[in-house]
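Worksheet: the structure to be examined is printed underneath.
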Protein chains: 2
Amino acid sequence: MTARSPKSAAKKKAATRLSSDDRSADILAAARAVIAEKGYEKTLLSDIARRAGVVDGTIYRYFENKRDLMVKVAQIWFGEQLLMDSHLESIAGTQNRLRHLAWRTLSIIQREPVLARFMLMELRPDPNYRNTPFFEMNRRFTHEMLQVCREAVESGEFLSDVSPNMLRDMLHGCIEHRTWAFLRGEGDFDVDEVADGIARVIYRGMAARPDGTVGSLDGLVRRLEAVTAKLDPAGANAHPKRRG
Amino acid sequence: MTARSPKSAAKKKAATRLSSDDRSADILAAARAVIAEKGYEKTLLSDIARRAGVVDGTIYRYFENKRDLMVKVAQIWFGEQLLMDSHLESIAGTQNRLRHLAWRTLSIIQREPVLARFMLMELRPDPNYRNTPFFEMNRRFTHEMLQVCREAVESGEFLSDVSPNMLRDMLHGCIEHRTWAFLRGEGDFDVDEVADGIARVIYRGMAARPDGTVGSLDGLVRRLEAVTAKLDPAGANAHPKRRG
DNA sequence: ATCTTAAATGAATGACGTTCATTCGATATG
DNA sequence: CATATCGAATGAACGTCATTCATTTAAGAT
């Protein structure tokens, strides 16, 4: 029914043959450049194609669809950011480690707001979330977060009455909320302050104490016990530490 | 150039004239029903129109565009949820209040997952965020959160070394993270447990104590003071409560 | 009965992503 | 050098939708 033959075979330009790698890389680079300029939503496939020096259809030889291309762009882009990170291992102290985990993500966001917007707002609601760079980031960072918390619980530094997953959600969630506000241009985005605040609240909120309460009570408790012992050496009227 | 005249004037159905309110309400109801069935992404304007018993173009008399219609649907839907909430005022104790704030949002999400997905994933990245029901929710809940925190700081129950805005971000962010996982069908969604965990960490993380440490020390401190007073009625060796 | 006005219509349009029959060019083969 | 082969590249056509707008219709006013 439809004749789809391009009869006018004006030979435009002699399509220079390249290896697949080169073409694919060209397209990825072009896509990244266009996204950086216009944001995901306004980025047309034809923009990318033009910039890559190919024709629309060619993109579909290398990528399944637009989203697939976009996800791959984000993966590369985000991967570069991870390389700049310092190592968690070199940092001592639970609270400092928590602070670093928050700081790292916040730094990436501050350094690459376009990438952050791209991943957070445009790529995140992927039906196939597990293929998303956002998921990858979460997976990676979550692993370390859980490690830090688990160690703290095992050493008795942290109480174990709140799931480490919850702490992870608090840390990442808080960062995300601040990021949204940042991307919207609301308020400031003080990386150090935010990282410090999150780490401080979580650390204090989880810090275990000998008497089962929270805080640095060692001194108080010792003094109370000493005084109590003096008052009542037999221990008859002592508060019921252990009965029977 | 183009003749846009529908020459065949088959008078289908005598378009019954309704008041604007009714039509608008019909369309809103139809939209909500279709969204509930198919989700935002798969909802076509023509679906809504058909269900509302109008024709596509009619929708544009009552709503600016598809997104505008969607946002209004979400506003109504979400507004209903707020009505079911119990009052924060009736709840005593800072930690209980925090728990309630978390619990309230989590309950809505659990009760109306389609609404949650709709607001969180599909409507949230609105260029005009401030018109979004998500923004409205945040504004409303944030107000109360800040109120609770401010009171706690003023009464000396909370330390003031972390911005209340950060606590808000932690609370809402944590909820959001759990919601994403819930909507993705990962893990369980125990409203009480999550609300309790968040409130507990934040409360402990912020609780101010007389000695500058953290924890529920009132009892201990009182006992220590009583005992100390007995030992040294003159107060000579009492810990430096007030000197000079 | 006729005029006026706003609601309703639905075919046309435009914007995009995606497809696919066809063409092109490099390499292998005789 | 001529020819066959095969994958890469092409770009016009297509399908899906949101959106527009010239035209029609119904209800109230005169």
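So here's what we get for this one:
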| read-out | value |
| --- | --- |
| Selection count, the range B:138-186, where residues are assigned to a loop (DSSP other than H, G, I, E, B) and of a type in the set (S, T, N, Q) | 3 |
| Boolean, A:Glu136 is open to solvent by 70 Å² or more (accessible area, probe 1.4 Å), within 13 Å of the chain's Cα centre (by Cα) and in contact (Cβ under 8 Å) with a residue 24 or more places away in the chain | yes |
| Only one of B:Ala116, B:Ala92, B:Ala74 that is aliphatic (A, V, I, L, M) and in a loop (DSSP other than H, G, I, E, B) | B:Ala92 |
| Restricting the range A:81-115 to residues that are closer than 30 Å to A:Phe158 by Cα and of a type in the set (Asp, Glu), the residue that is farthest from DNA strand D (Cβ to nearest atom) | A:Glu89 |
| Qualifying residue in the range B:199-211 (condition: modelled with pLDDT of 70 or more, part of a loop (DSSP other than H, G, I, E, B) and more than 7 Å from every other protein chain (Cβ to nearest Cβ)) | yes |
| Of residues in the range B:212-229 being of a type in the set (A, V, I, L, M, F, W, C) and surrounded by 15 or more Cβ atoms within 10 Å (Cβ to Cβ), the one modelled with the lowest pLDDT | B:Val214 |
| Residue match in the range B:64-80 (condition: open to solvent by less than 20 Å² (accessible area, probe 1.4 Å), more than 16 Å from DNA strand D (Cβ to nearest atom) and on the phi < 0 side of the Ramachandran plot) | yes |
| Residue in the range A:116-130 that is closer than 26 Å to A:Arg178 by Cβ, loosely packed, with under 15 Cβ neighbours inside 10 Å and more than 16 Å from DNA strand D (Cβ to nearest atom) present | yes |
| Scope the range A:177-193; condition out of contact with any Asp or Glu (no Cβ under 6 Å at 6 or more places or on another chain) and either open to solvent by 60 Å² or more (accessible area, probe 1.4 Å) or facing chain B (nearest Cβ under 7 Å) (or both); matching residues | A:Arg184, A:Gly185, A:Gly187, A:Asp188, A:Asp190, A:Asp192, A:Glu193 |
| Residue within the range A:52-75 that is more than 16 Å from DNA strand C (Cβ to nearest atom) and either within 14 Å of chain B (Cβ to nearest Cβ) or not small (Gly, Ala, Ser) (or both) present | yes |
| Tabulated pairs, the range B:27-47, first within 18 Å of B:Glu112 (Cα to Cα) and more than 9 Å from DNA strand D (Cβ to nearest atom), second open to solvent by 50 Å² or more (accessible area, probe 1.4 Å) and not in a helix (DSSP H, G or I), C-beta under 9 angstrom, 6+ apart or interchain | B:Val34/B:Leu44; B:Lys38/B:Leu44 |
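The values are calculated or read from the model by the stated rules, or taken from the named source; none is laboratory data. Note that the structure is a prediction, hence the values are computed from the model and not measured. Neighbour counts run over all protein chains shown; Cβ positions are idealised from the backbone, glycine included. For accessibility, only protein heavy atoms count, side chains too; no ligands or nucleic acids. Shrake-Rupley method; radii C 1.70, N 1.55, O 1.52, S 1.80 Å.
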